[in-house]
1. Where in segment A:114-158 does the amide nitrogen come within less than 17 Å of the point 7 Å from the Cα of A:Arg42, taken along Cα to Cβ?
2. Check which residues have an amide H placed less than 5 Å from A:Val142's amide H, if you skip close sequence neighbours.
3. If segment B:57-122 were replaced by its equivalent ellipsoid, with semi-axes equal to the square roots of 5 times the Cα gyration tensor eigenvalues, what would those be, largest first, whole Å?
4. Am I reading the B/A interface right? What is its buried accessible area, both sides, 1.4 Å probe, to the nearest 100 Å²?
5. If packing is taken as the mean number of other Cβ atoms within 10 Å per residue, what is the order of A:72-85, B:67-80, A:142-155, highest first?
6. If the reach is capped at under 22 angstrom between alpha carbons, list the lysines near A:Lys73, excluding any in the same chain fewer than eight residues apart.
7. By a straight-distance test (C-alpha under 28 Å), which lysines pair with A:Lys229 as possible cross-link partners, with residues fewer than eight away in the same chain excluded?
8. Mind listing the long-range amide H neighbours of A:Met228? Cut-off is under 5 Å, sequence gap 5 or more, other chains count too, H placed in the peptide plane at 1.01 Å from N.
Amino acid sequence: MRKYLKKILEERRQYFVLVVLLFISLAFLPLNKGEKLRNIKRYAFGTFAYLTYLENQIAEFFTNTKEIERLQKQNAHLMLENNLLREYALENRELRKMLSFQDSSAYPLLPAKVISKLISSIQGNLIIDRGENDGVKTGMPVITPEGLVGLVVETFSEFSIVRTLQNSNFKLAVEIQRNRFAGILGWDGINLFIKNVPTSVIVKEGDRVITSDIGTLLPPQISVGVTMKPEKTVSGLLGNIFVKPFVDFSSVKNLFVVKVLQNPKLNDVKLNLLSGE
Amino acid sequence: MRKNILITTLIFFALLSAQLYIVPFISIGFISPNLLILLLVFIALKVGQIRGTLIGFLIGLIFDFVSGGVVGSGMFAYTISGFTAGYFFDENNIGEDISFTKLLGIIFLVSLVNNFFYTILGASEVMNMSIIFFEQSLFSAIYTALISIPLIVLRRR
């Protein structure tokens, strides 16, 4: 029996190696949230990010990015301010006074550059050249002058990982600005969509979608995108609303970390999307 | 031997860097070439199936740690890719005289396998299989095969 097994093992060594390695790979999947793996990742990522950062610096050596950065920062501020003004137009003046909304344009913005990207239809991630040394913390939103890009999910001393909206692990509380319908925005590998929206909710093509007040991780009223044609399910009671993001994720290069945490206490509680790997 | 390992390691890091920094500029939406697959195929055709599988595992391990993706998904995908590429290893013809179309076909197949498993394991929820296969895997595999043409031609010369 032993001889027979040995013979099989020798003849089919390649399959044995394959199965063992695949098991090891699968064993890593649930460890993604663990601190040990995070430490290894921190070391490996930190070392490699310097390489890509250097490449980035060489590529930008001849371009004057200061002025572009300043204008983009101004644009980002205007985008936030513009959203707030839209809100004001939609809300009644008295209610606005009572609620005394925070002036979101006053959010401190930290300019950052994308140093590398993971081109994947389901794992949309960006690596930016700002980290803990710049005051970046896990949970901070990342925007461009056009709108929301994503959320900082990992920070290292000099770099951070941003999970973009185009990541199937990213779920975001949003609302349709015109009718205040709130839902959860997700990514299915091709489209951004708000799932299970009752067909009684009237959604027009082109309605603006913004981050919601009920969200726990992002400040409200950050532009996300516009609605596309609603899709009805077979039952006809619920449907999906597809959303076209304002940000072109394929070309995003310069962005801003909004140095604000929606609720610092919640940061420790590890809510929904941050633990969604 | 050591010199070969050193050169291969350097090429690997250069390609890894290019995959994360240059490839985003030449990608069409989510359709992007996989440069690491090219290296893996060339290595596996030279060293065989077992070593190809092991090298695939190592490539996936490093890729997962430096890319910010889900650790384990790349390892799984590259391990299977190394195994698949190594299947075409021929002891009597260690990759030198392999025909152009066969090599192109191997690169396409290995890339397809890699994209498919990487997408499946990285997704947090069940996705449409036709989307995963056609939109995420097939087109990127075609792109990878196309990108490999100049390299194959250069290698043959």
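The values are calculated or read from the model by the stated rules, or taken from the named source; none is laboratory data. Owing to the predicted nature of the structure, the values given are computational and were not obtained by experimental measurement. Neighbour counts run over all protein chains shown; Cβ positions are idealised from the backbone, glycine included. The protein model used for the area step is the full one, side chains on, heavy atoms only, and it has no ligands, DNA or RNA in it. Shrake-Rupley method; radii C 1.70, N 1.55, O 1.52, S 1.80 Å.
1. Residues passing the 17 Å test: A:130-139, A:153-158.
2. Result for A:Val142 returns A:Val149, A:Gly150, A:Leu151, A:Val152, A:Val258.
3. Values: eigenvalues 133, 29, 15 Å².
Equivalent ellipsoid semi-axes, largest first: 26, 12, 9 Å.
4. Summing both sides, the interface buries roughly 4100 Å².
5. Going by the mean number of other Cβ atoms within 10 Å, highest first, we get B:67-80, A:142-155, A:72-85.
6. Answer for A:Lys73, where 22 Å is the Cα cut-off: A:Lys113, A:Lys117, A:Lys137, A:Lys253, A:Lys259, listed by chain and number.
7. Once the sequence-local lysines are set aside, what remains near A:Lys229 is A:Lys171, A:Lys195, A:Lys204, A:Lys244.
8. A:Gly206, A:Phe242, A:Val243, A:Lys244
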